[in-house]
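Student: Have a look at the structure that comes next, please.
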Amino acid sequence: MASLRRLVSRTSISLSRVYCNLGFGGTCRSYNAVNSAPLKLEEDTRAEMGGNSSLDTDEIAKIRQEFDAAKQSFLKIPEALKGMPKMNPQGIYVNKNLNLDNIQVYGFDYDYTLAHYSSNLQSLIYDLAKEYMVNEFRYPEICMNFRYDKDFPIRGLYYDKKNGCLLKLDFFGSIEPDGCYYGRRKLSLNEIKHIYGTRHIGRDQARGLVGLMDFFCFSEACLIADIVQHFVDAKLEFDASYIYQDVNCAIQHVHRSGLAHRGILSDPCKYLVKNGQLLHFLRMLREKGKKLFLLTNSPYYFVDGGMDFMLEDSLGCRDSWRELFDVVIAKANKPEFYTSEHPFRCYDTERDTLAFTKVDKFLPGRIYYHGCLKSFLQITKWNGPEVIYFGDHLFSDLRGPSKAGWRTAAIIHELESEIRIQNDDSYRFEQAKLHIIHELLGKLYSTVANDRRSELYRLLLEELNEERQKTRQEMKKMFNKSFGATFLTDTGQESAFAYHIHQYADVYTSKPENFLLYSPEAWLHVPFDIKIMPHHVKVPSTLFKNQ
């Protein structure tokens, strides 16, 4: 850019001479120099261009030296990297300041919030859903041979009902270059541009996307991809929207019919994880005088069986988990719970029936079904800012409470494992390498103008891009071989899933009992040195520079 500015300045001077020689300058008395002026301009410009070419070559040589030196430093992990502070996998990460001393009411979802499930649950849901599709929707019998692949999906993907692609989007709604699959085949950047025109998803295209945001979405995403791939391999025509509709219907049936619930309770040791720390957390809140409520879409019998199993080693033989909560609401039908005006019904646990009497107060030890937020607030008189609600689904659990003025806590189980990966020296090493490569690419792009890019430039650019791609792939496969990290894209940008957390969760953590690590009166504040997601540490490239 400096050489370009010099060229412009020098050319302007030459042009002023021309104008003077043409008689527009006050001190110019003759037209004799007019014929020689264009020749002078041409010579000056040619000399300047030759000088710039030399300058460009020198700059490229300097960047080449920096890159060669960096590659030598890439051979070992710098000691400074090992001394960097680690993030806490059980930490609470803050998007909006939260003073826990002001929180008087704690509300909880059940599935994947209070209840911890093993990885076996995704296989159960996947198998039950595919059986339903074969038996009820008459999908090909060969679909019964499909198996859930735990290494394929991540949370926060989008399915394009028009084009049949599974997409990973970044914070600004652009498709990740390595995060677009048609069936189980990853699409190239050229294929992505052929389908969408650009990587950025426009408003009209976004209307055809559905987000797969909760913990049950793993089995849903995998089943969609497997069916699309089967239809492609079998050369069968299909409408991508029908596949989503059928898979989603099958997944919903698995839950609403009780198939998944009965499967889990038939073998709780296989699917549920016992959790004594949860009981400790809930009791601590009670001792501090906090009010507790449970608000779940699951039926009572399923919640009761699960809570009994998870807490049986910690609860006394005469104690009941129900005594921990001031209000228990099952089959709440979220997210409609937050906007509807459905009445509450009292549930008889012995007879498995709903009472017909009006519910105008919540009685201790009773179980309630259905209801709505409006009635809940009228009965409890709990004000929005003094209530915090914990849930795993950003839309069904947290969007409604957030808009109603409650504080919100997102429970994201995979956060724990992803932070452990980010804490690892090998990941931070690759991250620092990526930053150095980006710096060198930036220098290279800004040094040489488009019309003067030489073979030396082209070779260096190819090497830098190749090194960048290798580094990105190394970082990606540490998380998930297909889609990488849940919270980050391969380019280092926060993901669309991270955007929704930022939008709807005041705080987020891997499980509710992590709050035991903090005082109930703690003030949780947003870190001042973090750009977007609080658990992301930016590793400086200077780690390599003074070895």
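Student: Quick one: ranking L294, L456 by accessible area, 1.4 Å probe, largest first, what do you get? Numbers along the way, then the final one.
Tutor: On the way: L294 0, L456 95 Å².
Descending order: L456, L294.
Student: Mind checking which lysines have their C-alpha under 25 Å from K443, skipping anything on the same chain fewer than 8 residues away?
Tutor: K62, K71, K76, K433, K470, K531, K538, K545
Student: Evaluate E = 1/(1 + (r/R0)^6) for K150 and Y518, where r is the Cβ-Cβ distance and R0 equals 41 Å; express this FRET efficiency to the nearest 0.05.
Tutor: That gives a FRET efficiency of 0.80.
Student: What is the extension gain from I142 to K374, computed as 0.36 nm multiplied by their sequence separation minus the C-alpha to C-alpha distance, in nm to one decimal?
Tutor: Roughly 78.7 nm would be gained on extension.
Student: Return the carbon/sulfur percentage of the accessible area of the chain, one whole number, probe 1.4 Å, all protein chains in place.
Tutor: 51
Student: In addition: Work from the charge dipole of segment 396-473 (Cβ charges, +1 for Lys and Arg, -1 for Asp and Glu, about the Cα centre) and give the residue of Y427, L398, L444 farthest towards its positive end.
Tutor: L398
Student: Starting from the Kirkwood Rh over alpha-carbon pairs, what translational D in µm² s⁻¹ does segment 182-312 have by Stokes-Einstein at 25 °C and 0.890 mPa s?
Tutor: After rounding, the answer is 131 µm²/s.
Student: For the chain, what does the accessible surface come to per residue with a 1.4 Å probe? Please give it in Å².
Tutor: 48
Student: Here's another thing I want to ask about it. I need to check one value: relative contact order of segment 381-500, counting alpha carbon pairs closer than 8 Å and at least 6 residues apart, in percent.
Tutor: In percent, rounded to a whole number, it is 17.
Student: Counting every Cα pair in segment 296-436, what percent are over 19 Å apart?
Tutor: Working: 6196 of 9870 pairs.
Tail of P(r) above 19 Å: 63 percent of Cα pairs.
Student: Figure the gain on full extension for E386 and S454 (residue separation times 0.36 nm, minus the Cα-Cα span) and round it to one decimal in nm. Write down the numbers at each step before the final one.
Tutor: On the way: separation 68, 0.36 × 68 = 24.48 nm, distance 6.42 nm.
My answer for the length gained is 18.1 nm.
Student: If contacts are Cα pairs under 8 angstrom and at least 6 residues apart, what is the relative contact order of the chain in percent?
Tutor: 24
Student: Another one. Distance in nm between label sites at H438 and N135, each 7 Å beyond Cα in the beta-carbon direction?
Tutor: Result for the modelled spin labels: 5.1 nm.
Student: Mean separation of Cα pairs under 8 Å and 6+ residues apart, divided by the residue count of segment 281-363: what relative contact order is that in percent?
Tutor: With pairs under 8 Å counted, the relative contact order is 30 percent.
Student: Related question: Taking the Cα centre as origin and putting +1 on Lys and Arg beta-carbons and -1 on Asp and Glu beta-carbons, what dipole magnitude results for the chain, to the nearest 20 debye?
Tutor: Numbers: 70 positive and 70 negative charges, 264 e Å.
The calculated dipole for the chain is roughly 1280 debye.
Student: Let me ask another. From the cross-link list K361/K403; K291/K476; K150/K288; K82/K481; K270/K477, which pairs have alpha carbons spaced over 31 Å apart?
Tutor: K291/K476; K150/K288
Student: While we're here: Taking 1 over the mean of 1/r across every pair of different Cα atoms in segment 422-478, what Kirkwood radius in Å do you get?
Tutor: Answer for segment 422-478: a Kirkwood hydrodynamic radius of 12.3 Å.
Student: Next question, about the same structure. Please find the FRET efficiency linking R256 to N423, where r is the Cβ-Cβ separation and R0 is fixed at 30 Å, and quote it to the nearest 0.05.
Tutor: The computed FRET efficiency comes out at 0.15.
Student: Once the whole set of protein chains is in place, how much accessible area is left on K71, using a 1.4 Å probe, in Å² to the nearest 10?
Tutor: Ignoring ligands and nucleic acids, K71 comes out at about 60 Å².
Student: Now for a separate question. Quick one: divide the alpha-carbon radius of gyration of segment 89-166 by 2.2 N^0.38 Å and tell me what you get.
Tutor: For segment 89-166, the normalised Cα radius of gyration is 1.67.
Student: Then there is this: For a Förster distance of 56 Å, can you work out the FRET efficiency between the beta-carbons of K71 and R207, rounded to the nearest 0.05?
Tutor: FRET efficiency, K71 to R207: 0.75.
Student: Let me ask something else about it. Is the C-alpha gyration tensor of segment 279-358 telling us rounded, prolate or oblate? Criteria: a/c under 1.5 is rounded; beyond that, a/b larger than b/c is prolate, otherwise oblate.
Tutor: prolate
Student: In nm, what is the difference between 0.36 nm times the number of residues separating T491 and V232 and their Cα-Cα distance?
Tutor: Value of the extension gain: 90.3 nm.
Student: Go through S123, F137, L169 and say which Cα lies farthest out towards the positive end of the charge dipole of segment 106-181; charges sit on Cβ, +1 for Lys and Arg, -1 for Asp and Glu.
Tutor: Farthest along the dipole direction, towards plus: F137.
Student: Among bridges DSSP assigns within the chain, what percent are antiparallel (round to 5)?
Tutor: Counting DSSP beta bridges with both partners in the chain, the antiparallel share is about 55 percent.
Student: Once the dipole of the chain is set up with Lys and Arg at +1 and Asp and Glu at -1 on Cβ about the Cα centre, which of Y244, H280, Y338 lies farthest towards its positive end?
Tutor: Value: Y338.
Student: Per residue of the chain, what 222 nm ellipticity follows from adding -39500 (n - 2.57) for every DSSP H run with n ≥ 4, rounded to the nearest 500?
Tutor: -13500 deg cm²/dmol
The values are calculated or read from the model by the stated rules, or taken from the named source; none is laboratory data. A quick note: this is a predicted structure, and the numbers were derived from the prediction, not measured. When we count neighbours, we look across all protein chains shown, and the Cβ atoms used for this are built from the backbone with ideal geometry, even at glycine. What goes into the accessible areas is simple: the full protein's heavy atoms, side chains included, and nothing from ligands, DNA or RNA. Shrake-Rupley method; radii C 1.70, N 1.55, O 1.52, S 1.80 Å.
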